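What follows is a short report on a single structure.
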Amino acid sequence: MAGHSKWANIKHRKAAQDAKKGKVFTKVAKEITVAAKLGGGDPEMNPRLRMALDKAKAVNLPKDNVDRAIKKGTGEGNEANFEDVMYEGYGPEGVAILVQALTDNKNRTVSEVRSTMAKKNGNMGEAGCVSWIFEKKGVISIPLNNVGEDQIMSLAIDAGAEDVETGDDSYEIICDPADYEEVKKTIESENISYEYAEVTMRPKTTIEVKGDNAKKVINLIEALEDLDDVQEVYANFDIDDSELEDE
């Protein structure tokens, strides 16, 4: 999982850097709107909205944008008609790929995803073809120099985490989605800063990918992430850290 975890760190850093370009702002605002529409505008009563607001904070989405997105979802602004869709497929070396999107036009979105996969050495699959490889988990990534290993292990496990994985430059706290808020609050209560915290789809098994195929996998994922309707892309690759350094 080392390469996969490192890619997650790179992706979150890129999101923060790319926020000024507007595309990341738009995607996060869309997620806030849908979360507010489905569960109401009060984050205390709406876990999905709380997680969307975490994403907004991570990319420094202005408060006015956040407020507008919530109002749009609760019907105080233009009504939102987005819906969740998930697409499945394969990349080079048989890497499993899940594409999560929010769309107001499923025909447009599936066409864009299928076309991008075909152009970038991937292909669409049937519903259910790879989703079984992934499981939903809460993940909190903390730089190694922010806290000692014994302290973070003790805090995380006491708060209900399932595991703490130690990588080259960060700890990854893994927990059940139901325990995510409690674990995150525990970390925050100790004033321990984290690189990112999210509920994500983690692969149960990974496929090692090297050389040209590693570059093709990354190019495919980045092309999918760049689509306006796509919110997240999950994959089960394991690429050596050295091949990710230039990403």
Original post:
Amide H of PHE237: which non-local residues (sequence gap of 5 or more, or other chain) have their own amide H closer than 5 Å, using H built in the peptide plane?
Top reply: ILE207
Original post:
Using a probe of 1.4 angstrom, how much of the accessible area of the chain is carbon and sulfur, in percent?
Top reply: 45
**OP:** Taking H placed 1.01 Å from N in the peptide plane, check which residues at least 5 places from GLU135 or on another chain put their amide H under 5 Å from its amide H.
**Re:** ARG202, LYS204
**OP:** Only one of the values (i) 7, 29, 37, 22, 4, 0; (ii) 8, 32, 38, 18, 4, 0; (iii) 7, 30, 30, 21, 11, 2 was calculated from this structure for P(r) over Cα pairs in 10 Å bins from 0, in percent; name its label.
**Re:** (i)
Subject >> Amide hydrogen neighbours beyond the local backbone of SER170, cut-off 5 Å, H modeled >> reply: LEU144
Subject >> Whole-number accessible area per residue in Å² for the chain, which is evaluated in the context of all protein chains at 1.4 Å >> reply: 50
Subject >> Karplus-derived HN-Hα couplings along segment 57-67 (A = 6.51, B = -1.76, C = 1.60, θ = phi - 60°), whole Hz, x at Gly and Pro >> reply: 5, 5, 9, 6, 5, x, 4, 4, 5, 4, 4
Original post:
Roughly how many nanometres apart are two label points built 7 Å out from the Cα toward the Cβ at SER115 and THR26?
Top reply: 1.5
**OP:** Note down the nm distance, to one decimal, between modelled labels 7 Å out along Cα→Cβ at CYS129 and at ASP240.
**Re:** 3.0
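Taking 30 Å as the cut-off for C-alpha to C-alpha distance, list the pairs among LYS184/LYS215; LYS30/LYS120; LYS23/LYS137; LYS27/LYS204; LYS106/LYS210 that go past it.
LYS184/LYS215; LYS106/LYS210
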**OP:** May I ask you to derive the FRET efficiency for GLU44 and MET86 from their Cβ-Cβ distance with R0 = 25 Å, giving the value to the nearest 0.05?
**Re:** 0.35
**OP:** Give me the number: length gained by fully extending ARG108 to ASP163, i.e. 0.36 nm times residue separation minus the C-alpha to C-alpha distance, one decimal in nm.
**Re:** 15.8 nm
Subject >> segment 183-200 - phi-based ³J(HN,Hα) in whole Hz, Karplus 6.51/-1.76/1.60, Gly and Pro as x >> reply: 5, 5, 4, 5, 5, 5, 5, 8, 6, 9, 7, 10, 6, 7, 9, 7, 9, 9
**OP:** Go ahead and set up a Gaussian network model of the chain, Cα springs under 10 Å, then flag whichever of ILE207, ILE97, ILE174 fluctuates most.
**Re:** ILE207
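The values are calculated or read from the model by the stated rules, or taken from the named source; none is laboratory data. Computed from a prediction, not measured in an experiment: that's the story for all the values here. Quick reminder, even Gly has a Cβ in these numbers, built from the backbone with ideal geometry, and neighbours come from all protein chains shown. Please note that ligands, DNA and RNA were not included when accessible areas were found on the heavy atoms of the full protein model with its side chains. Shrake-Rupley method; radii C 1.70, N 1.55, O 1.52, S 1.80 Å.
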